[in-house]
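Okay, structure first, notes after.
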Amino acid sequence: MKDAIPVTRTVDHGTAKLMPDIDRERAWLLTVDGAPQSYVDLDDPTHLEFEYARRLGHVLDVVGEPGRALDVVHLGGGALTLPRYVAVTRPGSRQDVVEADRGLLELVAEHLPLPEGARVALHAADARKWLENAATGSAEVIVADVFGGSRVPAHLTSVTCVREAARVLRGSGAYLVNLPDAAPFDFLRSQLATLATAFEELVLIAEPGVLRGRRFGNAVLVAGHEPVDVAALARLTAADAFPARVEHGAALREFIGDARAVRDEDAVPSPVPPDGAFGIG
């Protein structure tokens, strides 16, 4: 494996490190300030190592007709794991990746090249500012996976930001969000209530242990104007090595309860993860 040694570089928002996986040829883990950000297998872009990435991948698989090219916006770049996945599973897709850390984008482009023919445009910009300037109805899918360190920035959690996402999406589009939380789920419930101000259909995907309050973890939220194929999602997530539950409808409304939507003036980052929550072994 060429250059199979760790690469460390100071980027705009911390210290990024690329570490080779000794078990998979040409596979790499990206960390920023010690927090795992992305995992990429250059030989098999369909291999999604992280649980939340697989769940996002499952949603991407059930949007529209299988294999059809999509127009996708990725808020948060990391090592471009999901753009690579879409480029292979849905050839011809047009994708925009918005990443605030220009140095990180340069590091990834240098050491982890995209698949040949991938139509992926990289933008060094703040996710919300980029959305505000994007054309109405220009995306079929928006994937929000933005972390400043190990927390989702506050300005991406408000009604104003969600309504910008809804404007950029086409009518049948889907807004996918990766969020971390733990019981009593004040942050997660408020984010669902915020999404409900702009979208009629909501789905929550999370590991049962997280939903039972046993541990801190990621939840994937799906929002849209049209129903998601929940049955297909449930089959896909149940087949994972770490199965997830898919909640929607009345059960999800009960989970949201009396949570209130988040205004800009009230917005806060996602909770601080407990020590070791996202560490590397």
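Can you send over the carbon and sulfur percentage of the accessible area for region 128-197, probe radius 1.4 Å, protein chains only?
On region 128-197, the fraction of accessible area on carbon and sulfur atoms equals 51 percent.
Please compute the Kirkwood hydrodynamic radius over region 1-108, one decimal place, Å, based on all pairs of different Cα atoms.
Details: mean 1/r = 0.0689 Å⁻¹.
Averaging 1/r across every pair of different Cα atoms and inverting gives 14.5 Å.
Can you classify the chain as rounded, prolate or oblate using the Cα gyration tensor, where a ≥ b ≥ c are the square roots of its eigenvalues, rounded means a/c under 1.5, and otherwise it's prolate if a/b beats b/c and oblate if not?
rounded
Under a point spin-label approximation (7 Å from Cα along Cα-to-Cβ), what is the Arg170-Glu226 distance to one decimal in nm?
Label at Arg170, label at Glu226, 0.9 nm between them.
Over the chain, with a Gaussian network built from C-alpha contacts below 10 Å, which listed residue (Phe199, Phe50, Phe185) shows the highest mean-square fluctuation?
Result: Phe50 has the largest fluctuation of those listed.
Starting from 0.36 nm per residue, how many nanometres of slack lie between Thr8 and Glu106 once their C-alpha separation is accounted for?
Extra length from Thr8 to Glu106 when fully extended: 34.0 nm.
Once you've got the GNM for the chain with C-alpha springs shorter than 10 Å, pick whichever of Asn133, Asn178, Asn218 has the biggest mean-square fluctuation.
Asn133
Distance between the C-alpha centers of region 78-107 and region 5-62? Whole Å please.
The two parts, judged by their Cα centres, are 12 Å apart.
Run through region 73-124 and list the GluC sites (Glu not before Pro) located in a DSSP loop whose Cβ has at most 11 other Cβ atoms within 10 Å. Could you put the intermediate results ahead of the total?
Numbers: sites: Glu99, Glu106, Glu110, Glu116; in loops: Glu116.
Passing sites in region 73-124 are Glu116.
Please state, as a whole number in µm²/s, the translational diffusion coefficient that the Stokes-Einstein equation yields for region 186-225 at 10 °C and 1.306 mPa s, with Rh defined as the Kirkwood radius across alpha carbon pairs.
148 µm²/s
Per residue, how much accessible area does the chain show when a 1.4 Å probe rolls over the protein heavy atoms, in square angstrom?
That works out to 45 Å² for each residue.
What GluC sites (Glu not before Pro) in region 117-223 are in a loop by DSSP, with at most 13 other Cβ atoms within 10 Å of the Cβ?
Glu200
What is the spin-label model distance, in nm, from Ala238 to Asp21 if the labels are put 7 Å beyond Cα along the C-beta direction?
Placing both labels 7 Å along Cα→Cβ, they lie 2.7 nm apart.
Taking every eigenvalue of the Cα gyration tensor of region 114-179, multiplying by 5 and rooting it, what semi-axes result, largest first, whole Å? Don't jump to the answer; show the numbers that get you there.
On the way: eigenvalues 74, 59, 27 Å².
The three semi-axes for region 114-179 are 19, 17, 12 Å.
Using a Gaussian network model of the chain whose springs link C-alpha atoms within less than 10 Å, name the residue from Phe242, Phe255, Phe187 with the highest mean-square fluctuation.
Looking only at Phe242, Phe255, Phe187, the biggest GNM fluctuation is shown by Phe242.
How big is region 148-252 on each of its three principal axes, counting only the C-alpha atoms and giving the largest first in Å?
Between the extreme Cα coordinates on each principal axis of region 148-252 lie 35, 31, 25 Å.
The values are calculated or read from the model by the stated rules, or taken from the named source; none is laboratory data. Predicted model, so just to flag it, every value in this text is computed and none were measured. All Cβ positions, even for glycine, are placed from backbone atoms using ideal geometry, and neighbour counts span all protein chains on display. Quick note on the areas: whole protein, heavy atoms, side chains included, nothing else; ligands and nucleic acids left out. Shrake-Rupley method; radii C 1.70, N 1.55, O 1.52, S 1.80 Å.
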